[in-house]
Ligand SMILES: NC(=O)c1ccc[n+]([C@@H]2O[C@H](COP(=O)([O-])OP(=O)(O)OC[C@H]3O[C@@H](n4cnc5c(N)ncnc54)[C@H](OP(=O)(O)O)[C@@H]3O)[C@@H](O)[C@H]2O)c1
């Protein structure tokens with residue numbers, strides 16, 4: 001492990017809400033710094049207000065290559081944040097739609113955000129990850145392993161992310177950079193329409209689907225990410241970790 005003069009940093013895309021926010025909070029709790037990225041500044045600034053010294057907020061649209069490149073430049077130029085030891089490609093969009101109603105526009109939006117955005121950010125940040133022997137954690141989905149009705153574009157791109165993670169793991173091992181993938185099950189975040197429902201409503205509609213009897217919380221996924229990136233994970237690469245309350249087996 002490299003000897004850090006400064007605290008190491010984790011870069012988290014989509015770090016202002018849901019799972020990404022919980023991941024950023026976990027890294028901060030473990031004594032790292034967090035670079036949080038998204039299109040909307042407000043949710044990112046909320047986190048920064050809580051721990052201003054350790055949080056760098058960068059507005060970036062992953063669907064725009066120049067925005068991703070600019071983000072790399074800004075991170076590289078910040079000595080307090082450029083010791084990047086983890087990139088979490090977490091940003092994503094979700095829409096449930098039948099295959100027959102899924103036109104090119106939705107396929108392209110899913111591709112640009114859920115796969116190519118992560119590819120672009122990884123390509124830009126690899127030199128910093130190589131310098132600091134860091135790791136990449138890609139946030140895929142159980143749907144990438146076992147799709148359900150009405151999710152063809154989302155599930156196909158999440159499956160591609162899993163496969164890409166494994167190629168990355170092989171290629172990046174030469175530079176001692178690791179790449180792993182986490183597959184969340186159903187987690188209570190703003191990505192879902194049920195997010196605003198009462199606990200009773202959520203339990204009635206989704207609780208029965210979960211072998212462990214409850215929907216996941218963002219902190220459940222953050223714990224999985226930390227186990228793939230934190231101390232003790234040095235020999236873990238190319239792995240696919242389900243954190244899903246058992247729904248993959250249901
Ligand atoms: N919740 C679940 O049940 C579940 C299950 C499996 C996998 N996942 C995956 O977990 C990840 C996080 O989702 P979440 O559930 O936490 O939902 P969320 O709260 O909606 O988070 C998605 C994040 O992605 C960011 N984002 C979207 N498009 C972006 C773009 N073009 N450029 C930069 N940032 C962008 C959003 O910020 P801005 O809108 O401000 O850009 C937002 O912070 C996603 O990849 C999702 O597919 C979620």
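The values are calculated or read from the model by the stated rules, or taken from the named source; none is laboratory data. No experiment lies behind these values; they were computed from the predicted model shown. Using ideal geometry, Cβ is built from the backbone for each residue, glycine included, and neighbour counts are taken over all protein chains shown.
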Some residue of the range 87-94 being on the phi < 0 side of the Ramachandran plot, buried (at least 19 other Cβ atoms within 10 Å of the Cβ) and away from the ligand (no atom under 13 Å from the Cβ): yes
Residue check for residue 37: assigned to a strand (DSSP E or B), at pLDDT 95 or above, touching a strand residue (DSSP E or B) at 6+ places or on another chain (Cβ under 7 Å) and near the ligand (Cβ under 9 Å from one of its atoms): yes
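For every residue, the table says whether it meets (1) in contact with a strand residue (DSSP E or B) (Cβ under 7 Å, 6 or more places away or on another chain); (2) buried (at least 21 other Cβ atoms within 10 Å of the Cβ).
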position	(1), (2)
96	yes, no
106	yes, no
109	no, no
132	yes, no
145	yes, no
162	yes, no
165	yes, yes
170	no, no
182	yes, yes
Residue satisfying all of: in the range 186-202; more than 8 Å from the ligand (Cβ to nearest atom) and in contact (Cβ under 8 Å) with a residue 12 or more places away in the chain; surrounded by the fewest Cβ atoms within 10 Å (Cβ to Cβ) among these: 194
Residue count, the range 15-29 (criterion: part of a helix (DSSP H, G or I) and either within 6 Å of the ligand (Cβ to nearest atom) or under 19 Å from residue 186 (Cα atoms) (or both)): 6
Those helices (runs of 4 or more DSSP H) lying entirely in the range 61-158 with at least 3 residues within 25 Å of residue 233 (Cα to Cα) and within 15 Å of the chain's Cα centre (by Cα): 117-131
Residue in the range 45-53 that is more than 22 Å from residue 118 (Cα to Cα) and not in a helix (DSSP H, G or I) present: yes
Which listed residue is at pLDDT 95 or above, at negative phi and within 12 Å of the ligand (Cβ to nearest atom), from 61, 54, 73: 61
Residue in the range 10-27 that is surrounded by fewer than 22 Cβ atoms within 10 Å (Cβ to Cβ) and in contact with a strand residue (DSSP E or B) (Cβ under 7 Å, 6 or more places away or on another chain) present: no
